[in-house]
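The values are calculated or read from the model by the stated rules, or taken from the named source; none is laboratory data. Quantities reported herein were computed from a predicted structural model and do not represent experimental measurements. Please note: Cβ atoms are built from the backbone with ideal geometry, for glycine as well, and neighbour counts cover all protein chains shown. SASA here: full protein model, heavy atoms, side chains in, ligands and nucleic acids out. Shrake-Rupley method; radii C 1.70, N 1.55, O 1.52, S 1.80 Å.
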Amino acid sequence: SANIAAVEEHTYELDFGVPGARGLLPKKQMSRSVAVGDLIRVELKTGSNSAGLVKCQEHREPTAVDFEAGISIKHIRPGFVVEAVVELLQFGPGGRRGDLNCTGAMLEIQRTVPARLTRLHANMPDPREIRLNSGESVTARVIAITPDDIVHLSLLPHVLALEPPQLHEVPIGTKLEASITDVMERWGFRALGKVGSARIPMCCPRFWAAMAQEGKLDGMYKVGVQCDVKIMKVAAFEGVYEVAVSKDLVDAEISSVGALKAGMILKAPVCKHMPEGVRVKFSDAAEGLIDMDDLADVPPKSIPERFAVDKVVKVRVLHVNETTRLAFCTAKRSFLNETTVVASFEDAANVDRPVTGCIRTVTPNYVLVRFFGGIMGLLPQSEMEKHDKEFQVGHPITVSIAAVNPAQRRIDLSLDILTARKPVSGDSSGTQPGELMTITGCTEVFDDGIAVSTEGADGKAGTGFIPTLHLSDDIGQANAIRAALLKDKQSVTYAQGLVLDNMAYFGFPDRSGALLTVKPTMLKALREGQTIPKTADDVVINQMYTGYVKRTLEYGLIVSLGTQRSLSCLLHVRTIRDHVVSDPTEVADAHHTVRCVVTALKDGKVFATAKKSQMPIEDAGPADADMLQSYVSLQRQLLQTLPAPALKIWAKLRVGMVVEGKVADTKPYGVLISLTGMESLVALALNDQLPAAGASVGSKVRGVVLDADPLKMIVDVSLKPEL
């Protein structure tokens, strides 16, 4: 027996209820229509391979049988209750040395069909013993039939008495709200969910619950608590749905391997350590393998502690093997931060910028570099000789794609990432990094930014490009600005932009002019008199600089001191904060603004610190007011893009105003409140903003507005009486 775990284009993916084993059943072999969660009977065509994959075919019902004439194995199905006779007992190494050495028993059903009973299914007072006698007749339930035509039996009372209940047809991946009914600290919790008028039983194992709060199951989950869950598995024989409550899994849209695509960035728990690497579990029907070389930018000799079983890790899908139904992933920081996904020869042909790959093979004549989708590129000997660079297998490398030949399935690579692309004609090459330009309007919106028209200090018209992550210091606001401009190119306007570089460097045929940033912090630094250093000679030790993160490494952050190609500095993990930072990405990601003080120059390299204790104390000045005004101005412009009813509601809201409402729901992190007269909004009061007496569902409350996000329609409030 097996459950339909996922429905792919040509196959059904099956769940046998056995960890590490999955079935594959071609759709054309099914005689009827089935859906996710259905329980069907199948016959195994092949044993499981190294990936735990078993090929199956539908089991057709046998015709009427004259049991008096005897039966064969084809007449028996999992779930049958049968009478069997004990033929002989089986013993471990050393032969018969008492009951404790007994490993199981061989039986016969109707004196014709061989069957096996393991010690764990023998139903004895001591599970280490089997007290059965040859010739003894027993009543048992068939739990499995293996490819060697052995019927496996169970004498356990709850298995004999169990009748698989009829579950409501709720697909895997469905998100529901559930109420916890029982908590088992060492295992997980049970809950009841609601589908229509029906109540459905659920269970959440510890490894799908503990991820949300570092394993503190007993404090987070209590009987009666409401929580959002996602159905991960249908355990039809036990009559329950297995669910996840971790926000990372509830929000994930992965319910089968078929939903995984090269380049996807996901979070998933580590489920198993293997000699070749670690396995991660996206859902019950989708797993990924991270090779040892892909655990970090510098391949580790052993599995790092952050990949301990049940810990949640951030990974990126490299490619999906359709045969084994397994996703191969990477946890390399360089791949997680890569903005360009080269997963096919078509992708490679359209790439006009440097890309990150991983060195797969090193020979005296060439180096093979792996990208996404299993695509490989070749770095020839002529390129290797141009650069004094050490090539090591498993290490990341930044290259340019020099040529693509799909017919020969060949990609030629180059290490000349600054000169591999010829300048595009028509670029306004007169602009210099560090200049301010007036932005006169948005002309086009791309996936990764916007094209703008500009005007220089001399009044000359030009063009420019602003990456999405440089539209604001707030990543959420930057994405909202791009979305608003996609609908209306005049919905958001900017006054000035800072030139970072010339777009000729990137070689985009459809984008020209200056590469700009409109981050308020970058403009503030310029107004305060910061100069943009071009070489190490321009850097002043002990001076503070404002830049942005270009790359995150295992050992620190590479920060650009103003422009795309200008001098960069290193913030080591020991100098990012006053304490040692274990993971730099927890502090800042690519393009985040960073303020740092230069501490040393060595061999043309710049070293800096961002420790609070070593940063100069500054009074607020006019530049700070301009920076805050820029943020507020952008928020007001975004507010005007909201629908009229929403705009009317937000016009009433002010930070600091007192609001009233009723508690609609409780969450592990706080309470959700329905505001009087503003029912379309969601008000959230975090646990540290609740009164000492707490707040229960249905109670009327008064609170003060702390902050508001009009784009997400969320209001942050405090219910503390003193506020």
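Structural remarks
- Where the stretch 457-500 is the region considered: accessible area per residue in Å², 1.4 Å probe: 46 Å²
- The stretch 330-372: projected area of the alpha-carbon convex hull, averaged over directions, in nm²: 3.6 nm²
- Förster radius 25 Å - calculated FRET efficiency between HIS158 and ASP38 (Cβ-Cβ, nearest 0.05): 0.55
- When you count the other C-beta atoms within 10 angstrom of each residue and take the mean per peptide, 630-640, 339-349 line up highest first as 339-349, 630-640.
- GLN90 long-range amide H proximity, modeled H, under 5 Å: THR103, GLY104, ALA105, MET106
- Where labels lie 7 Å past Cα in the beta-carbon direction, separation of GLN614 and SER302 in nm: 3.2 nm
- Per-residue SASA remark: THR609, around 0 Å² accessible (1.4 Å probe; ligands, DNA and RNA not included).
- Using a probe of 1.4 Å on the protein chains alone, the accessible area found for LYS55 is around 120 Å².
- Computed from the C-beta positions of GLU8 and PHE80 and an R0 of 45 Å, the FRET efficiency is 0.90 to the nearest 0.05.
- In terms of packing, defined here as the mean over residues of other Cβ atoms within 10 angstrom, the peptides 71-80, 371-380 line up highest first as 371-380, 71-80.
- Global geometry of the stretch 585-723, whether rounded, prolate or oblate, following the gyration tensor of its Cα atoms and the 1.5 cut on a/c: prolate
- GLN90-THR361 FRET efficiency (beta carbon distance; Förster radius 51 Å; 0.05 resolution): 0.55
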